[in-house]
Amino acid sequence: MQDLRASEIREILKLTQDPEVISFAGGLPAQELFPVQQMIEAGIKVLETEKGKALQYSTTEGYYKLRTAIAERMNNQGATNVTAEKILITSGSQQGLDLTGKVFLDEGDVILCESPTYLGAINAFKAYRPRFREVPTDEEGMIIPELERMLAEIENVKVIYVIPDFQNPSGRTWSMARRRAFMELVNRVQVPVVEDAPYTELRFEGEAMPSLKSMDTDGLVIYLGTFSKILFPGVRIGWLVADQPFYEKFVLVKQGADLHTSTLSQRQIWTFMQEYSIEENVARMLPVYRSRRDVMLETMERVFPEGASYSRPHGGLFFWVILPKECNSRELLRRSIERKVAFVPGGSFFPNGGNENTMRLNFSAMPEEKIKVGIERLAIVIKEFLAECCPQARSGV
Ligand SMILES: Cc1ncc(COP(=O)(O)O)c(C=O)c1O
């Protein structure tokens, strides 16, 4: 445990409790869009119809009706052969990540991941003391010849962790060709894969891509899904899809972790799915998120100095910004907090460090006017910082 330190994001979020701070730091969905009334009604219905059962211990695998509904939904969206028997309900997909560590990683084992990758996954896996090896990425996802070389050279690779859709933090989505090449390689080398997919349905433009799980012929992919971004994160309901023999190992470790996920929350979500529609909820959210993305992009185009480049995500919740090499974004954060605007320094998303000239900006949690003001404030701080730390970079006004 000596190697574990407080998550930087959590520490920053404490500072952002100040209502005057415009925070692009968290990955929070827009709270004003949560279907609160529908959840009140679903909650009352569950307790009235199921009575004490809704408050009782239940099975580790999860509420069977909910598992069936999730399998059906995934199959409707293009997955194949997902059955309730392959689904384990988890306390958010974050628990799926922790259980992945328990199932696959002993001290010194190797986990391959994208560079950069999700900070919460790095922290979850770190507790099991693996070695992280970062696979280089480009606009289309993991670079396959690099992955192939690493798989040939590195011993003890136990699992590959990937986020193919609107990745946290880069906002990037893997191309179809990359998905095919990845699965072909994985099938050849027979290494398990964890596909983390919280953002798949938050697509504002372009065609939906098939999940890696839907292309998995050998039962090597463990898929992590969640209601956090398509409904709300506070209920802490996610799921994992795995084939045998992995499935039973996940059930065993979950039993030790928490016996089962909240009985009441699982039944409430299932009732929500019967009475209302997740699709309608997502359709309500997408235009709001799309506009917020557009406002952030337009403002960055207008006020960011030339030295700063940024992604153009087609969905998800994040922009990824790259500053000139000489600029340390942790120092930039200290200054921007003084101007009451926050973000996450990108270096946190690289398990082996480096890349301190990057930053992640969330666009879902703030209203449009605040996004505009926040980006304008940030641009001023960046310009001052660039002028100081790398005057040779053109700081265009
Ligand atoms: C890539 C990724 N995986 C997992 C999670 C955890 O989500 P959940 O709320 O389902 O635990 C997040 C949350 O932001 C995430 O970005």
* Asked: Out of all the residues in the stretch 172-199, which are in contact with a Gly (Cβ under 8 Å, 6 or more places away or on another chain) and in a loop (DSSP other than H, G, I, E, B)?
  -> Arg172, Thr173, Trp174, Ser175, Ala197, Pro198, Tyr199
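So which helices (runs of 4 or more DSSP H) are wholly in the stretch 34-130 and hold at least 1 residues that are among the hydroxyl-bearing types (Ser, Thr, Tyr) and either more than 23 Å from the chain's Cα centre (by Cα) or surrounded by 22 or more Cβ atoms within 10 Å (Cβ to Cβ) (or both)?
36-50, 64-76, 92-104
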* **First in the stretch 80-97 and farther than 16 Å from Gly234 by Cβ and within 7 Å of the ligand (Cβ to nearest atom), second anywhere and among the hydrophobic types (A, V, I, L, M, F, W, C) and not in a loop (DSSP other than H, G, I, E, B), Cβ under 9 Å, 6 or more apart** => Leu97/Ala121; Leu97/Ala124; Leu97/Phe125; Leu97/Val194; Leu97/Leu224
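Among the residues of the stretch 226-248, count how many are closer than 21 Å to Pro210 by Cα and more than 8 Å from the ligand (Cβ to nearest atom).
If we filter the stretch 226-248 for residues that are closer than 21 Å to Pro210 by Cα, which is where we start, we get 226-230, 238-243.
From the residues that got through so far, the ones that are more than 8 Å from the ligand (Cβ to nearest atom) too are 230, 239-243.
Number of matching residues: 6.
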* Asked: Within the stretch 118-162, can you find the residues that are over 23 Å from Asp106 (Cβ atoms) and of a type in the set (Val, Ile, Thr)?
  -> Thr137, Ile143, Ile144
* Asked: Could you list, in sequence order, the residues of the stretch 50-73 that are under 23 Å from Arg203 (Cβ atoms) and either in contact with a Ser or Thr (Cβ under 8 Å, 6 or more places away or on another chain) or without any contact (Cβ under 8 Å) to a residue 40 or more places away in the chain (or both)?
  -> Ala71, Glu72
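Just for the stretch 260-292: of the residues that are in a helix (DSSP H, G or I) and of a type in the set (S, T, N, Q), which one is surrounded by the fewest Cβ atoms within 10 Å (Cβ to Cβ)?
Restricting to residues being in a helix (DSSP H, G or I) and of a type in the set (S, T, N, Q), the top hit is Gln274.
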* **Set Glu201, Glu195: member being modelled with pLDDT of 95 or more, within 13 Å of Gly316 (Cβ to Cβ) and within 15 Å of the ligand (Cβ to nearest atom)** => Glu201
* Asked: Taking the stated definitions as given, is Gly219 more than 25 Å from Leu55 (Cβ to Cβ) and small (Gly, Ala, Ser)?
  -> yes
* Asked: Restricting to the stretch 341-355, what's the tally of residues that are free of Cβ contacts under 8 Å to residues at least 24 places away in the same chain and over 17 Å from the mean Cα position of the chain (by Cα)?
  -> 2
* To do: Might you check whether a residue that is among the aromatic types (Phe, Trp, Tyr), crowded, with 24+ Cβ neighbours inside 10 Å and either assigned to a loop (DSSP other than H, G, I, E, B) or touching a residue at least 24 places away in the same chain (Cβ under 8 Å) (or both) occurs anywhere in the stretch 320-340?
  => no
* To do: Return the total of residues in the stretch 204-225 being among the small types (Gly, Ala, Ser), more than 9 Å from the ligand (Cβ to nearest atom) and buried (at least 18 other Cβ atoms within 10 Å of the Cβ).
  => 2
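Search the stretch 113-124 for residues being in contact (Cβ under 8 Å) with a residue 60 or more places away in the chain and within 22 Å of Val186 (Cβ to Cβ), and hand back the single one that is nearest to the ligand (Cβ to nearest atom).
That would be Tyr118.
The values are calculated or read from the model by the stated rules, or taken from the named source; none is laboratory data. Please read these numbers as outputs of a predicted model, since none were measured by experiment. All Cβ positions, even for glycine, are placed from backbone atoms using ideal geometry, and neighbour counts span all protein chains on display.
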